Structures are given as C-alpha cells and as structure tokens.
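Engineer: Dumping the structure here so I can ask a few things about it.
The values are calculated or read from the model by the stated rules, or taken from the named source; none is laboratory data. Just so it is clear, the structure is predicted and the values come from calculations on it, not from any experiment. Reconstructed Cβ throughout: ideal geometry from the backbone, glycine too, with neighbour counts over all protein chains shown. The accessibility values were calculated without ligands, DNA or RNA, using every heavy atom of the protein model including side chains. Shrake-Rupley method; radii C 1.70, N 1.55, O 1.52, S 1.80 Å.
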Amino acid sequence: MSSPKKITIVVPFLNEKENLPVLLERVSAVFAGRAEDWELLLVDDGSTDGSAEWAVEQSKQNRHVRVLRLSRNFGHQLAITAGLDRADGDAVVVMDADLQDPPETIPALIDKWREGHDVVYAIRRSRAGETWTKKFLAASFYRVFRRLAKVNVPMDAGDFRLVDRCVVDALKEIRELHRFMRGLTCWVGFRQAAVEYDRAARLAGETKYPVWKSARLAFDAITSFSASPLRWIAVLGLLVCAVAVLWVLYVMALAVVRPESLEKGWASLIAVMVFLGGVQLLSIGMLGQYVSRIFEEGKRRPLYLVRLDTKAGNAG
Ligand code: UDP
Ligand code: MG
C-alpha cells in the first residue's frame, strides 16, 4: 500500500483522431487525485489520419504520455502485445481508444489489484451502441470458445483489463503469431478476478472491427486454442465406417432372404463407397492429429508458469 506504484495504460489505436484527446483528458482526471504514478502508452497501429502525430506531440509536452508507433498496421492483438512488451508499470491496464471502456472504471480495477489479484477483468454489465447481431455473435462465440479451448474465458470481457507485472512477464514468454490476448491472459492463470462496468457507445469514428475481422479473430482464437475440429473429422470417419459395416450386414441379410432384390449390384457399390469415404475421413483425421501436434510444438508456449518458489524468491 505504502510504496508508490506505477500503472501503465496501454491503448492500441488505429485512426482515432477525435477520441485520443478526450481519452487523455479523462485518464488524466482519473489519476489527478491518486497516489499512483501513471503512464499512458499509446500504441499507433499504422494510423493515417494524423492521430499518431498528435500523440507524438503530446508525448513531448506531457511526461505521462508515451507513444509507440508500429511501422504499419499489424492488427489490434499485436498492437496490444507491443504495448505489453514495452510497458514498465507495476500493473498494466489495456483499454480501447474509442472510450467504450470508460477510464473511470480504472480505480475499481486498481482496488481489486491491491486486494491481491493479478488479472482483473472488466466485465460488461451492458453494451450500449452495439447491434443485436454483434451481441448475439459475441455471446455465441464465447460459448463455443469456452467449450473447445477449455480455458475459462469470462463471458462479456473484452480486452479491457488490468494485469499485474508477473502476468505481463508471463505473457512476454508467449510468442505465437496468431494470438487471442483475452484467451492468453486467462490461460496464464494466477489469481483472477472481475469488476463490472457499463460499456459505452463509441465516442467518435467508425468501428475498426467489421464483421469479417471479428470472424477472423474468432477463427484465430479457436484454432490457436483447440485442435478439436481435427478430432471431429476422425470421429466422423469412424461413424461413417460404422454405417458402412451396418449396411454390409444389411445387404448380406438381404442376399439370404430376398436374393432377387440384389441383382442390380447397387447395394455393394454403395457399401464400398461409404466405407471408402469413412476410411478417407478417418485418415485425414489421423493426419490432422499429427499436424495439430506440430502446431502445438510450433507455438512454443511456455510449458508451465511459476507463481512462487520459496527458495528462489517470489516469481510475482
Ligand atoms: N484497433 C487497432 N488496430 C486495428 C483495429 C483496431 O489498434 O487494426 C484499435 C482501435 O483503434 C480501438 C480498439 O482497437 O482502440 C478496438 O477497436 P474498435 O473499437 O474499432 O472495435 P469494436 O469496439 O468496434 O469491437
Ligand atoms: Mg470499440
């Protein structure tokens, strides 16, 4: 409690000219009366509307503002990663630049962190200004993802969250390219907690997440956390083989009871076709299992993460 702590607020942005000044103003107001030192780390993800230049200008005048400009647009998830890699605070808050995540929620996140939690999610109590379809697709995605990935990602948590230094260090060890940060901050473990907030509508500008980008993120999320779809192919292959075997038994029974119905030969043809289809699916599924293992190894995720080693000092 006593020692002054530093909070870094990582904000990835792409063309958010109208929003950045308001963001800076509101974050400054939030920290005005607080003991913590803070830094707003603005990560420019290839903006072309002058917002990056504005941010750089601010960083020259304001010691609380730091700007990291990526060389081009790398996408939201990698911009967050770049920010986390460079943030030096004792805790790091990740939030959007469009003020859908209200900066006024940050004190609640810090309080939970001070209570001893390492990951504090901001959970959306409500979502203003978002279409019914987007909410429905988001809810369906989280259901599917949690089942497949076996990672308990909280429903309705975006990227708005606070993570302790020990979690930032853990995340730095994860270097896979196709990444889903919400899943990874959950995957690393440590002590996790949640705080509720009302998600506002975007202050200005257009969403940078059209449906196809959201779909790509969902696909990245599922394929980077789960090889189940490959396993399903093998299961489907087995089922088809079983159907073929049943069919053969049926045809053999027919041959005994009503041999005249089998003269045209189609029954045996179908049996062979279905069986071969099943064998092919099964083979693809088996291949898939090896591919998925190459994939798992290729990600080179840390095998485990240590929270405490009593003889070597606290890992956190
Ligand atoms: N963003 C980014 N790079 C991108 C797309 C988006 O840094 O390629 C930023 C964007 O400026 C915003 C945040 O990611 O700060 C979330 O994007 P947005 O608000 O457009 O998504 P939505 O809230 O509509 O899902
Ligand atoms: Mg937004």
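Engineer: Which aspartates and glutamates have a Cα less than 12 Å from the Cα of Lys172, not counting those fewer than 8 places away in the same chain?
Structural biologist: Partners within reach: Asp85.
Engineer: Please report the orientation-averaged projected area of the range 18-111, defined via the convex hull of its C-alpha atoms, in nm². Could you put the intermediate results ahead of the total?
Structural biologist: Numbers: hull surface 24.1 nm².
Taking a quarter of the hull surface, the average projection is 6.0 nm².
Engineer: Here's another thing I want to ask about it. Work out the FRET efficiency for Lys150 and Asn73 from their Cβ-Cβ distance, taking R0 = 35 Å, and round it to the nearest 0.05. All intermediate terms of the calculation are to be shown ahead of the outcome.
Structural biologist: Numbers: r = 32 Å, r/R0 = 0.91.
Step by step, r from the Cβ atoms, then E = 0.65.
Engineer: Could you give log10 I(q)/I(0) at q = 0.19 Å⁻¹ for the range 170-316, computed by the Debye formula over C-alpha point scatterers of equal weight, without solvent?
Structural biologist: Computed log10 I(q)/I(0) values: -1.17.
Engineer: For Lys299, list the aspartates and glutamates whose Cα falls under 15 Å from its own Cα; do not include residues on the same chain fewer than 8 positions away.
Structural biologist: Once the sequence-local aspartates and glutamates are set aside, what remains near Lys299 is Glu173, Glu176, Asp220.
Engineer: A further question on this structure: Taking the Cα centre of the chain as origin, sum charge times position over the Cβ atoms of Lys and Arg (+1) and Asp and Glu (-1), and report the length of that vector in debye to the nearest 20. Can you show the working numbers first?
Structural biologist: Values: 43 positive and 37 negative charges, 157 e Å.
Dipole size: approximately 760 debye.
Engineer: Same structure again: Helix-only mean residue ellipticity at 222 nm, the chain, DSSP H runs n ≥ 4 weighted -39,500 (n - 2.57), per residue, nearest 500. What is it? Each step should come with its number before you reach the end.
Structural biologist: Numbers: 10 runs with 157 residues, N = 316.
It comes out at -16500 deg cm²/dmol, rounded to the nearest 500.
Engineer: With every protein chain present, what is the per residue accessible area of the range 1-76 (1.4 Å probe, Å²)?
Structural biologist: Details: 3670 Å² over 76 residues.
Heavy-atom SASA per residue in the range 1-76 reads 48 Å².
Engineer: Additional query: Answer rounded, prolate or oblate for the range 206-278, using the Cα gyration tensor with square roots of eigenvalues a ≥ b ≥ c: rounded when a/c is under 1.5, else prolate when a/b is larger than b/c, else oblate.
Structural biologist: On the way: a/c = 6.35, a/b = 3.44, b/c = 1.85.
Because a/c hits 1.5 or more and a/b exceeds b/c, the range 206-278 counts as prolate.
Engineer: Rounded to whole Å and sorted largest first, list the principal axis extents of the Cα atoms in the chain.
Structural biologist: 93, 53, 36
Engineer: Helix hunt in the chain: which complete DSSP H runs extend at least 18 Å axially by C-alpha with mean Kyte-Doolittle at least -0.5?
Structural biologist: The qualifying helices are 19-32, 132-149, 211-225, 228-257, 266-299.
Engineer: In whole percent, and with a 1.4 Å probe on the protein chains, what portion of the accessible area of the chain is carbon and sulfur? The partial results should precede the final answer.
Structural biologist: Working: 10420 of 17050 Å².
Whole-percent figure for carbon plus sulfur exposure: 61.
Engineer: I would also like to ask the following. Take the Cα pairs of the range 74-156, get the Kirkwood Rh, then feed it into Stokes-Einstein at 25 °C and 0.890 mPa s and tell me D in µm²/s. Provide the component values of the computation, followed by the final result.
Structural biologist: Working: Rh = 15.1 Å.
The Stokes-Einstein estimate is 163 µm²/s.
Engineer: Which of the lysines could be linked to Lys135 by a straight reach, that is with a Cα gap under 28 Å, when you skip same-chain ones fewer than 8 residues away?
Structural biologist: Result set, ordered by chain and number: Lys17, Lys112, Lys150, Lys208, Lys213.
Engineer: Summarise the long-distance tail of P(r) for the range 106-255 by giving the % of C-alpha pairs beyond 24 Å.
Structural biologist: Working: 5362 of 11175 pairs.
Counting pairs separated by more than 24 Å, the tail of P(r) holds 48 percent.
Engineer: What FRET efficiency would be calculated for the residue pair Tyr250, Ile284, taking the C-beta separation as r and a Förster radius of 25 Å, to the nearest 0.05? Numbers along the way, then the final one.
Structural biologist: Values: r = 27 Å, r/R0 = 1.07.
Between Tyr250 and Ile284 the formula returns 0.40.
Engineer: OK, next. With contacts defined as alpha carbon pairs under 8 Å and 6 or more residues apart, what's the relative contact order of the range 185-316 in percent? Walk me through the numbers on the way to the answer.
Structural biologist: Numbers: 78 pairs, mean separation 38.1, N = 132.
Computed over the range 185-316, the figure is 29 percent.
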